[in-house]
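Colleague: Quick one: the structure is below, questions incoming.
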Amino acid sequence: MPSVSKSGPLIIFYILVAYIVIQLGWWGYHIIEQNEEITMLRLAHGSTPERNKIWMVIGEGSVFFILLALGVLKIRSSFKKEAKLAARQKNFLLSVTHELKSPIASVKLYLETLLKREVEKEKEREILFNAISESERLAALVDNILLAAKIESDTYLLSKTTVNLSEYTEEIISKSMPALRGSHKIKTEIEPNMECDIDLLAFSSILLNLLENAGKYSPKQSTITIKLEKNNRAIALTVMDEGIGIPEEEKSTIFQKFYRIGSEETRSTKGTGLGLYIVKVLAEKLNGTITVKNNSPKGSLFELRF
Ligand code: ADP
């Protein structure tokens, strides 16, 4: 979790609250004291003393104090949330800069190698394949950032098309994941001929992000299983991996914008923390839900239901 710094404004706020509380106590004390003086004077002049106001001051003071405490708690929690978001945003900027630079540098290196050296046909194919997968990685990252920007500015418009979702899912898996196919075993359990009225971009972004994560957070040569089935009139898309899994206490936070488990110093995987945020928002746009569970015996299981 990113550390929360810059608590300066919060300290000023606490000082102000402490000042208000001291002032409140001071006023209460004076009112009670004046009340006693008035009572004494009235008694000295032989008139009936006013009703004792101590309980009124204590009662009203307590209500004010409770309201103030509730306000302070609310402001404190929203300040902490803002500070965490700002810290994550900073991490995002650092990692996105790196993520954008590294595929560009790799593609440049691959092309320079081809230009400078005579390489065998086989090697040339390998270099070109690597260059293509680096540019695909870059394209996927840019797509994710643009999609997140659209979601943020509320300009993402759903456009539904009737498709054979079974075929479309197979298509996404086979076409867009050449890199994953090289490093992982892909298992599919797709119910055939599932007709559906759906926003294709939202569905493919969800599946691609889940697949990318399954590949990133599981060891090479482990199996990634993708299931598509209809149950109880809902469609369920499941992506399962045999990777590091997600600790119970992180399961709800991973869907927050820019959130990544662990600290920037200890993390070895590349990423921006936008993937699952996009998945969650798009799942809601499809009138669906996204849930995460533990896969058995290990790894994670993400299920989209809509
Ligand atoms: P990132 O760009 O870091 O992958 P995401 O929003 O896609 O961002 O995911 C947020 C965090 O959730 C990741 O940093 C990772 O720690 C965790 N996570 C996501 N998918 C998986 C998975 N399949 N297995 C284990 N951890 C995962």
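Colleague: For segment 278-306 and segment 63-115, what is the separation of their C-alpha centers, rounded to whole Å?
Modeller: First find each Cα centre; the distance between them is then 23 Å.
Colleague: Here is a follow-up. Note down the net charge around Thr113, summing +1 for each Lys or Arg and -1 for each Asp or Glu among other residues with Cβ under 15 Å from its Cβ.
Modeller: In short, -1.
Colleague: Which cross-chain or sequence-distant (5 or more) residues have an amide H under 5 Å from the amide H of Gly243, H modelled 1.01 Å from N in plane?
Modeller: Distant-sequence amide H within range of Gly243: Gly299, Ser300.
Colleague: What residue among Val163, Val142, Val72 shows peak mean-square fluctuation when the chain is described by a Gaussian network model with Cα springs under 10 Å?
Modeller: Among Val163, Val142, Val72, the largest mean-square fluctuation in the Gaussian network model of the chain belongs to Val72.
Colleague: Can I ask one more? Beyond 23 Å, what percent of the Cα pairs of segment 160-305 remain?
Modeller: Cα-Cα pairs of segment 160-305 separated by over 23 Å account for 32 percent.
Colleague: Let me ask another. Name the residues whose placed amide hydrogens come within less than 5 Å of the amide hydrogen of Ile190, ignoring near sequence neighbours (fewer than 5 apart) on the same chain.
Modeller: Correct list: Leu228.
Colleague: I'd like the antiparallel share, as a percent to the nearest 5, of DSSP beta bridges with both residues in the chain.
Modeller: About 80 percent, rounded to the nearest 5.
Colleague: Mind ranking Ser263, Ser78, Ser300 by accessible surface for me, highest first, 1.4 Å probe?
Modeller: Ser78, Ser263, Ser300
Colleague: With all protein chains present, calculate the accessible area of Phe64 using a 1.4 Å probe and round the result to the nearest 10 Å².
Modeller: 90
Colleague: What is the magnitude of the charge dipole of the chain about its Cα centre, with +1 placed on the Cβ of each Lys and Arg, -1 on the Cβ of each Asp and Glu, and no other charges, expressed in debye to the nearest 20?
Modeller: Around 420 debye, computed over the chain.
Colleague: Using the Cα centre as the reference, give the magnitude of the dipole from point charges on the C-beta atoms of segment 89-152 (Lys, Arg: +1; Asp, Glu: -1; all else neutral), rounded to the nearest 20 debye.
Modeller: Roughly 200 debye, rounded to the nearest 20.
Colleague: Test of understanding: in a Gaussian network model of the chain with alpha carbons linked when under 10 Å, which of Asn231, Asn295, Asn130 would top the mean-square fluctuation ranking?
Modeller: Asn231
Colleague: What is the percent carbon and sulfur in the accessible area of the chain, measuring with a 1.4 Å probe over the protein chains and ignoring ligands?
Modeller: 60
Colleague: Over all alpha-carbon pairs in segment 7-86, figure out the percentage whose distance exceeds 15 Å.
Modeller: Taking all Cα-Cα pairs of segment 7-86, the fraction more than 15 Å apart is 67 percent.
Colleague: If you take the charge dipole of segment 182-306 about its Cα centre, with +1 on Lys and Arg Cβ and -1 on Asp and Glu Cβ, which of Leu211, Leu237, Ser183 is farthest toward its positive end?
Modeller: So the residue furthest toward the plus end is Ser183.
Colleague: List the GluC sites (Glu not before Pro) within segment 68-134 that DSSP assigns to loop and that have no more than 11 neighbouring Cβ atoms inside 10 Å.
Modeller: Counting only loop positions with at most 11 other Cβ atoms within 10 Å, the GluC sites (Glu not before Pro) in segment 68-134 are Glu118, Glu120.
Colleague: Still on this structure, I have one more. Of the options Ser268, Tyr156, Ser77, report the single residue whose Cα projects farthest towards the positive end of the charge dipole of the chain (beta-carbon charges: Lys, Arg +1; Asp, Glu -1).
Modeller: Ser268
Colleague: In Å², and per residue, what accessible area does the chain have when probed at 1.4 Å with the other protein chains present?
Modeller: Per residue, the chain has 63 Å² of solvent-accessible surface.
Colleague: Looking at the square roots a ≥ b ≥ c of the eigenvalues of the Cα gyration tensor of the chain, which shape do they give, rounded for a/c under 1.5, prolate if a/b is larger than b/c, or oblate?
Modeller: Judged from the Cα gyration tensor, the chain comes out prolate (a/c at least 1.5, a/b above b/c).
Colleague: Taking a threshold of 21 Å on the Cα-Cα distance, which of the pairs Lys150/Lys285; Lys216/Lys251; Lys230/Lys257; Lys74/Lys293 fall above it?
Modeller: Those over the limit are Lys230/Lys257; Lys74/Lys293.
The values are calculated or read from the model by the stated rules, or taken from the named source; none is laboratory data. In this text the structure is predicted, and so the values were computed from the model without any measurement. Here Cβ is always computed from backbone atoms with ideal geometry, including for glycine, and neighbour counts include all displayed protein chains. Remember, those area values only see protein heavy atoms, side chains included, never the ligands or the DNA or RNA. Shrake-Rupley method; radii C 1.70, N 1.55, O 1.52, S 1.80 Å.
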